1. Any idea which residue in the range 84-106 is nearest to residue 169 (Cα to Cα), counting only those that are open to solvent by less than 30 Å² (accessible area, probe 1.4 Å) and within 16 Å of the ligand (Cβ to nearest atom)?
2. Just one of the numbered conditions (1) in contact with a His (Cβ under 6 Å, 6 or more places away or on another chain); (2) assigned to a strand (DSSP E or B); (3) over 14 Å from residue 78 (Cα atoms) is not true of residue 102; which one?
3. Name every residue in the range 143-155 that is in contact with an Asp or Glu (Cβ under 8 Å, 6 or more places away or on another chain) and open to solvent by less than 60 Å² (accessible area, probe 1.4 Å), in order of residue number.
4. Suppose we filter 111, 123 for residues that are within 12 Å of the ligand (Cβ to nearest atom), of a type in the set (A, V, I, L, M) and out of contact with any Leu (no Cβ under 9 Å at 6 or more places or on another chain); which single one remains?
5. Can you pull out the residues in the range 112-152 that are under 17 Å from the mean Cα position of the chain (by Cα), in a loop (DSSP other than H, G, I, E, B) and aromatic (Phe, Trp, Tyr)?
6. Could you tell me which residue of the range 153-171 is farthest from the ligand (Cβ to nearest atom), considering only residues that are assigned to a strand (DSSP E or B) and within 25 Å of residue 75 (Cα to Cα)?
Amino acid sequence: MTVQSLATLLTIIAVAALAAVFLRVRRLAHEGHDYAPVQGRAYRIRAVFFGVLVVIGLPISIWLFRENPYGAFAATPQVINAVGYQWYWELDETEVTAGEPVEFHVTSADVNHGLGIYDEAGVLVAQTQAMPGYTNRLRHTFAEPGTYQILCLEYCGLAHHAMTAELHVTAPIADGGDDG
Ligand SMILES: [Cu+2]
């Protein structure tokens, strides 16, 4: 049996089970019942769930927020304006320093494009959509120096594949202890 036919079989079984539940609920809905005792129990269970959520869920949520990456982002990152055209990218700056935060302001002059930044190994490190009439902000800190490729991630016409640009990420200047 192939994975596809197994998935089909399991789906049919699940749908049949769901249909049976629906039919049973529909039949029961027409019978007269006294719901008061059931309702009381359900409300008590709900109250316990809510208590657990507040006592356990809230501290966990607050604890997880301590590593919110956006709060730690520099107030004044280097800004690069990127505009997508059919079919090229226009960047007002193509050189950034590794380890320093960069904020791309991305828009389009014609149709929708997708700005995708790839490292030298061809791994997508950051991306956002380039839309006409709207500016998307993309924050990224490049960990490694190198030549990064910017490709279009959204099919935008005949030469979509040729829509590339290069971004040069330079190594941070070594701190020789001679500042000041
Ligand atoms: Cu494009």
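1. Among residues in the range 84-106 that are open to solvent by less than 30 Å² (accessible area, probe 1.4 Å) and within 16 Å of the ligand (Cβ to nearest atom), the one nearest to residue 169 (Cα to Cα) is 104.
2. Failed condition: (3).
3. 146, 147, 148, 150
4. Result of the check over 111, 123: 111.
5. none
6. As a first pass, look at the range 153-171 and keep what is assigned to a strand (DSSP E or B): 164-170.
Checking the rest, the ones that are also within 25 Å of residue 75 (Cα to Cα) come to 167-170.
Working: 167: 17, 168: 22, 169: 23, 170: 27 Å.
If we take residues in the range 153-171 being assigned to a strand (DSSP E or B) and within 25 Å of residue 75 (Cα to Cα), then 170 is farthest from the ligand (Cβ to nearest atom).
The values are calculated or read from the model by the stated rules, or taken from the named source; none is laboratory data. Owing to the predicted nature of the structure, the values given are computational and were not obtained by experimental measurement. Glycine also receives a Cβ, built like all others from the backbone with ideal geometry; neighbour counts cover every protein chain displayed. All accessible areas refer to the heavy atoms of the entire protein, side chains included, with ligands and DNA or RNA removed. Shrake-Rupley method; radii C 1.70, N 1.55, O 1.52, S 1.80 Å.
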